[in-house]
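The values are calculated or read from the model by the stated rules, or taken from the named source; none is laboratory data. Small disclaimer: the values here were computed from a predicted structure and weren't measured. Note: ideal-geometry Cβ built from the backbone for every residue, glycine included; neighbour counts use all protein chains shown. When the accessible area is computed, the model is the full protein with side chains, heavy atoms only, and any ligands, DNA or RNA have been set aside. Shrake-Rupley method; radii C 1.70, N 1.55, O 1.52, S 1.80 Å.
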Amino acid sequence: MGYVLGIDIGSAYSKGIALGDQGTVDSSVCPSGGDLKLTAERVKEELSFRNGISAHDIMRTVATGYGARSVIFADEVRSDVACHAKGVSSLLPTVKTVIDVGDLYTKVLRIDRNGGVHNFLLSGKCAGGSGRILQVIARVLRVKVEEIGEMSLKSKKRVDFNTGCAVFSESEAISRISEGVTKEDLLAGLHRALAAQINSLVERIGVEPDVAMVGGGARDLGLVKALEEIRGHAILVPAEPHLTAALGAAIIGREQLKKKIES
Amino acid sequence: MAEEVKEVKPKKRMTATRAAASIGPMVKEFITSTLQARAEGRQKLAYTFIVCHHEEILRAMDVIPIWTENFAGICGAKRDAERFLQRAESLGLSRSLCTYALCGIGFDQWREELGQMPPDAPWGGQARPDFMISSGQIICDPRSKWYQASQQFMPDVPIYNIDLPYPLFQRDQDHRDVWDYYHKYIVKQLRGLVAFLEEQTGKKMDYDRLRELVDLSDRTWNLIDETYKLRRAVPCPMGTGDAMNTMVPINFMMATEKAYDFFVDLKKELEEKIARGEGEVENERYRLMWGGGLPAWYALNDFNYFNSKGASFPVETTYRMVAPLNEMDIPETRDPIEHLAWRWLGYWTFWYDKAKKRPGSEPDVERLINWIEEYKIDGVVMHEAFSCRSWHVGLIWQLHQLAKIYKPIPIYVMGKDGKREKVYRELPSLILESDIIDITSYSEVDTRNKIDAFIETLESIRANRAA
Ligand code: SF4
């Protein structure tokens, strides 16, 4: 049937998945940057080049995410809510509640095992409660964002972080560090504050187990653990949680293609 | 003073009915008429608030109401509120207060400072009042504080406050056990208003005229109810987008022949559309309820966006400030003031008895449930406008209760063994977040992404719905 591409242009990172007849062939991730059209092209080219996929092998492209409309070569644009649901249900079919911690928003989705969305809720308009705060703090502490999860788990005395605001958290972090608080304790406090905000969103929509966390934020083990602690139950995380929307987009594309061929 | 910049003009919203399209000029006309009345000085002008059941009294005394919420809404709809909001902020008022109030206070301060209307004031501007009638109402404190703030710039303009309470819902208590007490109190408040107006205008209240105006309003209430119930038709002939226009005669023109005639025409228009099978949208796929929240006045085009996806809004809880009088269990009286007080109590307690019959229900939730059934609703949309607590507190809670107590939708999913399996899902809901007039709180891209995702959710349920 050829290849189907799923491309998720997020506000911080852009992700792509190439889906072949036997499943995922390859994935690609790069910073979104300022020129989203160019980024989309770059994701496509990388997937094509690495896997020897020619233009006419690509049967369908489905775009999603904040910059989905910049993927001008896409056959269809789908909401990231629908794509996450599809992607997660294909990887973790028992999941009924999905928490997507992205750079701009946190979303909570109630889904079924077929990837149908039954309800969803997005965090408010500001970046508080989203994954943006993790990047801000990583910059302040001069550590890599990938490292902060492990670091926070080493905390001995978690500090109470007073703010959920992405802007104020920066100044609060600076003043705490100057008071002599360790990076580990500070990060543990930040994770706790962020998890509490995410939890209030989760409570607003209601939870049905199993629960999964996806999006860039789910790569942060410290955040996952903090939310597990607050909620008192395990949270499933797929192997590459930042790719579920791109995967879902590709699966939607494949399903459409199949339907077209069958009809 | 902050920089005063005007915002980009919005595209005109497409209306589904002729009646809704006629509202713009009508509002413009009554704004202009207040300015003319100010210039002529023959009639007294009063700043005041909607939903106070006092229009009949004002009109019987020939007092012209200036609906300050309406003017702020106009500034918002014309995307020209920001300069007035900034002015209020620079006076030390926080942006988290009611933005209608901020806009009005900013405008008043500017007009009083200049001694004339601010430059390019929307539709000529808001006329200076002779007095202000505020109204303490449950949790809307701007209704009593707003005019006090404006009075700083107009110290010669008196304020009269009317207090209009109603018994809160209590499952284990019949509101009728206490409402005589409330009634007595409200009658006193309204009689106090009459006395204040008599003093201000130098005229005596003509109670026969008041009775006629109250009768006219009652007839209009019933007519509106009948007209809006026509929207139960499939396809729906008129949606919430239009209802955000037709709220004008309900909320700003009550007790006038014009409002009554407007609904005579609208009813006829809807009946004709129903006879022709003509809906708000060409191919109606989803029927949604606007389940709460004042609209983002600068973004009414979002209703057109919903329409473009096949979604129609046959019903809304917002601004439907009337209920059928024949279904209200209120005592008969020929005293118009006493009747106004009973009507007030009848309106606010309208859903109490029904809510008591359903375990876990409350009046607001009961209204949602009844209308979901009567209007065959597929999903609920709410708007949380950050600056107005009064209308928005409890919206999320209402959705929670709805999910808890209302019957779920049966749908099919593919089970583990590859066989179809029946599961149940709650009615989908969407919460939009921004403000009534503060455009800086709104993102069109985000809002439309949310709408897209919601439509996909509705479609997924529709596609898998079990009989
Ligand atoms: S707080 Fe809400 S109800 Fe009160 S005046 Fe403002 S917009 Fe109106």
Only one residue in B:R320, B:R343 is more than 23 Å from B:N449 (Cβ to Cβ) and not in a loop (DSSP other than H, G, I, E, B), so which one is that? B:R343
Taking interchain pairs and intrachain pairs at least six residues apart, which have beta carbon atoms under 9 angstrom, with the first residue in segment A:21-49 and outside the structural domain of A:G10 (by TED's automatic domain parsing) and in a helix (DSSP H, G or I) and the second of a type in the set (F, W, Y) and surrounded by 15 or more Cβ atoms within 10 Å (Cβ to Cβ)? none
Restricting to segment B:90-126, name every residue that is under 23 Å from B:A296 (Cα atoms) and either among the polar types (S, T, N, Q) or away from the ligand (no atom under 16 Å from the Cβ) (or both). B:S94, B:S96, B:T99, B:D120, B:A121, B:P122, B:W123, B:G124, B:G125, B:Q126
Condition check for B:Y160: open to solvent by 10 Å² or more (accessible area, probe 1.4 Å), away from the ligand (no atom under 16 Å from the Cβ) and assigned to a strand (DSSP E or B): yes
Got at least one residue in segment B:443-451 being within 8 Å of chain A (Cβ to nearest Cβ) and surrounded by 18 or more Cβ atoms within 10 Å (Cβ to Cβ)? yes
Identify all residues within segment A:68-78 that are touching a residue at least 24 places away in the same chain (Cβ under 8 Å) and either surrounded by fewer than 16 Cβ atoms within 10 Å (Cβ to Cβ) or β-branched (V, I, T) (or both); write none if there are none. A:V71, A:I72, A:F73, A:E76
One residue from B:T48, B:T34 being touching a strand residue (DSSP E or B) at 6+ places or on another chain (Cβ under 8 Å), at pLDDT 90 or above and within 16 Å of the ligand (Cβ to nearest atom): B:T48
What pairs come up if the first residue lies in segment B:378-407 and is closer than 24 Å to A:H118 by Cα, the second is more than 16 Å from the ligand (Cβ to nearest atom) and open to solvent by 50 Å² or more (accessible area, probe 1.4 Å), and their beta carbons are under 8 Å apart, counting only those six or more places apart or on different chains? B:D378/B:R462; B:I396/A:R204; B:Q398/B:E362; B:H400/A:R204; B:Q401/B:E362; B:I405/B:R358; B:I405/B:P359
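Per-residue answers, yes or no, for (1) open to solvent by 70 Å² or more (accessible area, probe 1.4 Å); (2) modelled with pLDDT under 95; (3) farther than 25 Å from B:E316 by Cβ:
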| position | (1), (2), (3) |
| --- | --- |
| B:C140 | no, yes, no |
| B:D172 | yes, yes, yes |
| B:D177 | yes, no, yes |
| B:K203 | yes, no, yes |
| B:Y207 | yes, no, yes |
| B:S217 | no, no, no |
Which count do you get for residues in segment B:260-301 that are in a loop (DSSP other than H, G, I, E, B) and not small (G, A, S)? 10
Can you confirm whether segment B:324-344 contains a residue that is among the aliphatic types (A, V, I, L, M), under 18 Å from the mean Cα position of the chain (by Cα) and at pLDDT 95 or above? no
Wholly within segment B:352-467, helices (runs of 4 or more DSSP H) carrying at least 1 residues that are away from the ligand (no atom under 16 Å from the Cβ) and touching a Pro at 6+ places or on another chain (Cβ under 6 Å): B:352-357, B:444-464
I'm checking my understanding of the structure. Among residues of segment A:50-67 that are open to solvent by less than 20 Å² (accessible area, probe 1.4 Å) and assigned to a loop (DSSP other than H, G, I, E, B), which one is nearest to A:V81 (Cα to Cα)? A:G65
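Restricting to segment B:127-142, count the residues that are within 15 Å of the ligand (Cβ to nearest atom) and in contact with a helix residue (DSSP H, G or I) (Cβ under 8 Å, 6 or more places away or on another chain). Even if it seems obvious, please write down each step before you answer.
Taking segment B:127-142 as the starting set, the residues that turn out to be within 15 Å of the ligand (Cβ to nearest atom) are B:132-142.
Still in the list and also in contact with a helix residue (DSSP H, G or I) (Cβ under 8 Å, 6 or more places away or on another chain): B:132-140, B:142.
The qualifying residues number 10.
Each row is one residue, and each column tells you yes or no for (1) hydroxyl-bearing (S, T, Y); (2) in contact (Cβ under 8 Å) with a residue 40 or more places away in the chain; (3) more than 10 Å from chain A (Cβ to nearest Cβ).
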{"site": "B:I411", "(1), (2), (3)": "no, yes, no"}
{"site": "B:M414", "(1), (2), (3)": "no, no, no"}
{"site": "B:K419", "(1), (2), (3)": "no, no, yes"}
{"site": "B:P428", "(1), (2), (3)": "no, yes, no"}
{"site": "B:E433", "(1), (2), (3)": "no, yes, no"}
Starting from residues that are in contact (Cβ under 8 Å) with a residue 60 or more places away in the chain, assigned to a loop (DSSP other than H, G, I, E, B) and at the interface with chain B (Cβ under 9 Å from one of its Cβ atoms), keep the ones in segment A:101-123 and report whichever is surrounded by the most Cβ atoms within 10 Å (Cβ to Cβ). A:G115
